1. Enumerate the calculated ³J(HN,Hα) couplings along segment 234-247 in order (Karplus 6.51 cos²θ - 1.76 cosθ + 1.60, θ = phi - 60°), each rounded to whole Hz, writing x wherever the residue is Gly or Pro.
2. At 222 nm, what value in deg cm²/dmol follows for the chain if DSSP H runs of at least 4 each add -39500 (n - 2.57) and the sum is divided by all its residues, to the nearest 500?
3. May I ask for the angle, rounded to the nearest 10°, between helix 146-170 and the longest principal axis of the chain, with both axes built from Cα atoms and the value confined to 0 to 90°?
4. Within 10 Å, count the other beta carbons around each residue, average over each peptide in 227-236, 37-46, 208-217, and list them highest first.
5. I'd like to know how the chain sits against the 2.2 N^0.38 Å rule of thumb: what's its Cα Rg over that expected value?
6. Output the peptides 120-132, 80-92 sorted from most to least packed, where packing is the average of other Cβ atoms within 10 Å over each peptide's residues.
7. Expressed as an acute angle from 0 to 90° and rounded to the nearest 10, what is the orientation of the C-alpha long axis of helix 211-220 relative to the principal long axis of the chain?
8. Over the chain, what is the relative contact order in whole percent, taking alpha-carbon pairs under 8 Å and six or more residues apart?
Amino acid sequence: MTTIFKEHRHKLKQIFLLAKNDLIKTYKGAFLGPLWSVVKPLTTLFVYWFAFDIGLRGSAPISGYPRFQFMLPAFVAWFFISDAILFGSSSIRSNSQFVNKMSFPVSTIMTFTLLSKMFVHLGLTVLMYIFLICTGYGPMLSNLQFFYYCPLMYLFFLALSWSTAPMSAFSRDFENLVKSITTPLFWFSSIIYNSYDMSPDWLRKLMYFNPVNYFVNGYRKSFLTGEGIFTRDWETIIFFAEFAVIIVIGIFNYKRLRKTLPDVL
């Protein structure tokens, strides 16, 4: 952890510039440029809105909320989570030109890659918030919980990328494995249903062990239901225990693989 902190020291301005350039580079040559990063998730949301509000007019509300409004905060969180997992794991291989410069702080690659996705996430969150207010949900005091869940979500998946990015650089099979789990992870997370209402009771409690659920439900609490952060103690305790494990494993893998990355790439 000391090594990672040293690599980030006095590099904040550089990290922001690299995050901006990473976003521009992704959509280089496109007329709309980085705006495509917002168009894609908005298109997905439009399809879900059309399917549930127009196509399936008889679709039942979830926990007393219209289905689309219930899913919207979860989808906004999921768009960042899926990008953080996929782009975070491939970040070192995609930026191999930096790795070959031994003086470059490699751990900042994951930081600016996820930061570029966070820029998009913040834009989507603003659009979501405007929509929810226009449909009668908010503003409310619980909206401030966003400033707890959003940075925590960034830090969690940054720590996860400390493991996945070096391992993906060593093995494309591992990178493909990471890509293959995103679809099952979507369906095992409570994005289109309410995990708090699941039965039997043991299955509902088992869902606490999925960290994606922590953020998906957290965004709903912040923007829709108004529920407090610590109203479900075991969920919070389990999440932070998992977060601590992810940090330890991430530090171990980064330290173990950092020096051999230039030879591999």
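1. Once θ is set to phi - 60°, the couplings for segment 234-247 become 5, 4, 5, 5, 4, 4, 5, 5, 5, 4, 4, 5, 4, 5 Hz.
2. Computed mean residue ellipticity for the chain: -22500 deg cm²/dmol.
3. Computed tilt is about 40 degrees.
4. Going by the mean number of other Cβ atoms within 10 Å, highest first, we get 208-217, 37-46, 227-236.
5. Normalised Cα radius of gyration, the chain: 1.05.
6. The packing order, highest mean first, is 80-92, 120-132.
7. Here the helix axis deviates by roughly 50 degrees.
8. 26
Laboratory data are not the source of any read-out in this text; all were calculated from the coordinates shown. Quick caveat, the model's predicted, so the values are computed rather than measured. Every residue, glycine among them, receives a Cβ derived from its backbone with ideal geometry; neighbour counts consider all protein chains shown.
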